[in-house]
Amino acid sequence: MTHACGDGPGDAVLSVRGLRKEFPGVIALDGVDFDVRRGEVHALLGANGAGKSTLIKIVSSLYQPDGGEIYLEGKKVSFASTAEAIRAGISVIYQDFALVPDLSAAENIFLGNEKLGKFNTIDRAAQHREAERLLELVGATFPPTALVSELGTGKRQQLEIAKALRGQAKVLILDEPTASLSHAEAERLFEVVRRLADEGVGIVYVSHRLEEIAPLVDRVTVLRDGVSAGTYPADAIDRGKIVSLITGKAGQATHQKRQGRQQAGDDAPLLEVRGLTRVGEFEELSFCVRPGEVVVLTGLVGAGRTELLETLFGVRPAHRGEVRIGGKTAAISKPQDAISSGIALIPEDRRGQGVSVIMSIGENIALPILRRFMGRLSLNRRRIADHADALIDRLAIRTPSAGTHAGALSGGNQQKVVLAKWLSTDARVFLFDEPTQGVDVGAKAEIYALIDALAAEGRGVLMVSSDLEEVLAVADRTLAMRSGRIVAEFENADLPASRIVDAITHG
């Protein structure tokens, strides 16, 4: 039985009723009702493409709805711009922070809304005092004078929240707030969220990390294919139920490792790393990946995992050590060398490094193999589209066509485009950097299935993951990294999570 969203607009600080939004070829929202009460933390869940981002963008007036109504504190509202919505008390913090690196924390907080003193000049002392108060409110320990470029991800998020609270936010929407935070940073964020809720702010919390929901939120709303699949009290719904609501299918909440993955223990290594060092990032790393094997690197933020993958792919030069592919030394000083050697990288920053958001899906998929599509005078666009269509079907990429710009896709579908691009090549070693970060459980299952399929084909997979549940489910072997070194190696059969945690925290 689905619980009602509330008793009406007057029962909530924010309500939407019958919200509808249509894009060419796609109905993003189809009559959605949603509300958040004053002092409530309300989780908004759903698969990539379910309509979560569209709902957020309409509430913040980045998009205008095609139908439906929005109420703020019981009054019907319609904002012409995001600035109007912010002034009314609706603030959104997206995964990609809207901060200027070369300005101070205080300057970022008041950017575009500077405090003015005599002669219409900026009152920097007043800005500093107010910024100090706001930063203290969110538990920040850095001064208002700190440059954003000097702040880590967790501190930048605190700054974004302080910036949102400058306008006396009534509704604060957090979009995947812990996607790039360490465990300690996430815990600090949760404390801030609870404190703001206690002070009467309505919090909308968008997340794919289901384990965060139970201890933090009051209610859960699930969107599926542009409609509401139901709203429930958090204590009346379990992980399995959430997964079935998101996917529309009953099933297990966790990935079951494919049975019968070939035993690679006696095979010659496909990838060998010997004494690889990049001063200041990692030292004397030695390990191997065999055909048909999935090896996972795990560790805390700053352990050197991403830096290692980027070095193997030629983005960063190694200072010493050797990389061997198929038993032969590979001289890798740039990505082209890695690609020629049969290495593919699916990066953590898919929008910045994995796809070109202004190019079509077909063009992205064809990028590594453009020579195959050369005609007499130019590229054969028909062949590119046919090739892309085959991979779109294979990976179930949700898009109207191969001609759609990659930037218009949800995060999970963009990740699939990155995978499709490399499946077009003859890569033998696949490097995955946090491949399921920010994607829903359905897309996760599809990515895991692809990783299993790559292993079944005899390719080697080296994957970075911070998700312990994922590490235990996916890996054949786990390498624990701490402070730039591999401190432990585990076979994953019946491996308790506590052993991995102990290795990455204590070495």
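Any read-out appearing in this document is the output of simple, stated calculations on the displayed coordinates, not a laboratory observation. A quick note: this is a predicted structure, and the numbers were derived from the prediction, not measured. Neighbour counts run over all protein chains shown; Cβ positions are idealised from the backbone, glycine included.
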Ordered by fewest other Cβ atoms within 10 Å, a rough proxy for footprinting exposure, 114, 191 read 191, 114
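Sort 75, 163 by Cβ crowding within 10 Å, fewest neighbours at the top. Can you show the working numbers first?
On the way: 75 10, 163 26.
With the sparsest Cβ surroundings first, the list reads 75, 163.
Suppose every K and R has +1 on its Cβ and every D and E has -1 on its Cβ; what is the size of the dipole of region 9-247 about the Cα centre, in Debye to the nearest 20?
For this selection, approximately 400 debye.
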Two decimals, Cα atoms only, Kirkwood Rh: what is Rg/Rh over the chain? 0.98
Mind pulling the angle between the C-alpha long axis of helix 153-165 and the longest principal axis of the chain? Nearest 10 degrees, somewhere in 0 to 90. 20
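What 222 nm value per residue comes from the helices of the chain, counting each DSSP H run with n ≥ 4 as -39,500 (n - 2.57) and dividing by all residues, nearest 500 deg cm²/dmol? Please report the intermediate quantities before stating the final value.
Details: 16 runs with 157 residues, N = 507.
Using -39500 (n - 2.57) per qualifying helix, the result is -9000 deg cm²/dmol.
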Once amide hydrogens are built 1.01 Å from N within the peptide plane, the residues lying 5 or more places from residue 31 or on another chain with amide H under 5 Å from its amide H are 19, 20, 21
Bin width 10 Å, origin at 0, all Cα-Cα pairs of region 311-369: what percent of pairs per bin? 21, 45, 25, 8
Cα centroid distance between region 309-369 and region 132-147, in Å? 39
For region 274-295 and region 444-507, write down the distance between their C-alpha centroids in whole Å. 14
Proximal lysine pairs in region 9-247, meaning Cα under 20 Å and 8 or more positions apart or interchain, come to 13
Given all pairs of distinct Cα atoms, region 351-425 yields a Kirkwood Rh in Å of 12.1
hull vol. (C-alpha, convex hull) per residue for region 279-418, Å³ -> 148
Please list, in order along region 197-207, the HN-Hα scalar couplings obtained from phi with the Karplus expression 6.51 cos²θ - 1.76 cosθ + 1.60 (θ = phi - 60°), rounded to whole Hz, x for Gly and Pro. 4, 4, 8, x, 6, x, 10, 9, 10, 9, 8
If every alpha-carbon in region 9-247 counts as one equal scatterer, what log10 I(q)/I(0) does Debye give at q = 0.08, 0.09, 0.18 1/Å? -0.30, -0.39, -1.39
Unit charges on C-beta of K, R, D, E only; dipole of the chain, Debye: 1220
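Could you list 405, 128, 319, 42 so that the one with the fewest beta carbons within 10 Å of its beta carbon is first and the one with the most is last? Present the calculation step by step, with values, prior to reporting the outcome.
Details: 405 16, 128 19, 319 13, 42 26.
Going from least to most buried by this count: 319, 405, 128, 42.
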Share, in percent, of DSSP beta bridges within the chain that are antiparallel, nearest 5: 55
Please report the relative contact order for the chain, taking Cα pairs under 8 Å with a sequence separation of at least 6, and give it as a percent rounded to a whole number. 15
